[in-house]
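The values are calculated or read from the model by the stated rules, or taken from the named source; none is laboratory data. Keep in mind that this is a model prediction, so the values were computed, not measured. Methodologically, a virtual Cβ is constructed for each residue, glycine included, from the backbone with ideal geometry; neighbour enumeration extends over all protein chains shown. Just the protein is used for accessible areas: all its heavy atoms, side chains included, with ligands, DNA and RNA removed. Shrake-Rupley method; radii C 1.70, N 1.55, O 1.52, S 1.80 Å.
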Amino acid sequence: MSRLIYFSEKRELGPGGVEAILDTARSNNERNCLTGVLLFNRKFFLQCLEGGREEVTATFGRIAADPRHGNVALVSVHDIDVRDFPDWTMGYVPTTSPEVNSVLRQFQETEDFDPRLLSSTTAVALMNAMRSMGRTTL
Ligand SMILES: Cc1cc2nc3c(=O)[nH]c(=O)nc-3n(C[C@H](O)[C@H](O)[C@H](O)COP(=O)(O)O)c2cc1C
């Protein structure tokens, strides 16, 4: 299996906003045996996708072409033997909550979440910390 992490900048989300993204993500990912987590604040997305190599690649291809975000940048892609998010077809972490911000401060100096400042190592560590904070509702 592969785990892929990328970040992007939010564009016009349109009707349904993040909820619509999560709905599609969860039904498609279930079909494709993909799991992961999506972090979102007012400005950025940071997403981890894990599953079969082909499925991760094809899904990332669709995601990267989605006009609801831009400046999509890969942070890391590597092989995994076990999933970090086996129970989430797509967990959601809103990075505006105080609880999440205290974790983010361990990874970056600034108050506001900015995934451009993350190395691939810290991004993976951050994802692991998110395991206890993600949720399956908006
Ligand atoms: C930030 C973001 C995250 C997304 N995550 C996923 C995802 O995990 N899985 C997925 O299939 N689509 C995801 N999408 C949606 C895809 O870009 C695309 O709209 C969708 O896969 C098309 O599916 P459909 O043909 O069933 O409508 C995401 C889109 C955005 C903007």
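Filter region 10-39 for residues that are under 13 Å from the mean Cα position of the chain (by Cα) and open to solvent by 40 Å² or more (accessible area, probe 1.4 Å); which is nearest to T122 (Cα to Cα)?
Only one residue fits best here, namely K10.
Considering only residues that are modelled with pLDDT of 80 or more and crowded, with 17+ Cβ neighbours inside 10 Å, look in region 115-138 and name the one that is farthest from S8 (Cα to Cα).
M130
Checking the condition open to solvent by 40 Å² or more (accessible area, probe 1.4 Å) and either touching a residue at least 24 places away in the same chain (Cβ under 8 Å) or assigned to a loop (DSSP other than H, G, I, E, B) (or both), which residue from V82, V75 passes?
V82
Where the second residue is in a helix (DSSP H, G or I) and the first is near the ligand (Cβ under 7 Å from one of its atoms) and lies in region 16-30, which pairs have Cβ atoms under 8 Å and are six or more apart or on separate chains?
The qualifying pairs are N28/T59; N29/T59.
Please specify each residue of region 6-46 satisfying the condition of being basic (K, R) and out of contact with any Pro (no Cβ under 7 Å at 6 or more places or on another chain).
Listed by number, the residues that qualify are K10, R26, R31, R42, K43.
Would you tally the residues in region 85-96 being surrounded by fewer than 19 Cβ atoms within 10 Å (Cβ to Cβ) and under 30 Å from E12 (Cα atoms)?
Going through region 85-96 one residue at a time, the tally reaches 3.
Working only within region 23-57, note down all residues that are β-branched (V, I, T) and outside any strand (DSSP E or B).
The answer is T24, V56, T57.
Looking at F7, F60, which one is touching a Leu at 6+ places or on another chain (Cβ under 8 Å), in a strand (DSSP E or B), surrounded by 13 or more Cβ atoms within 10 Å (Cβ to Cβ) and of a type in the set (F, W, Y)?
F7
Within region 40-50, track down each residue that is more than 10 Å from the ligand (Cβ to nearest atom) and surrounded by 20 or more Cβ atoms within 10 Å (Cβ to Cβ).
Those that are more than 10 Å from the ligand (Cβ to nearest atom) and surrounded by 20 or more Cβ atoms within 10 Å (Cβ to Cβ): N41, E50.
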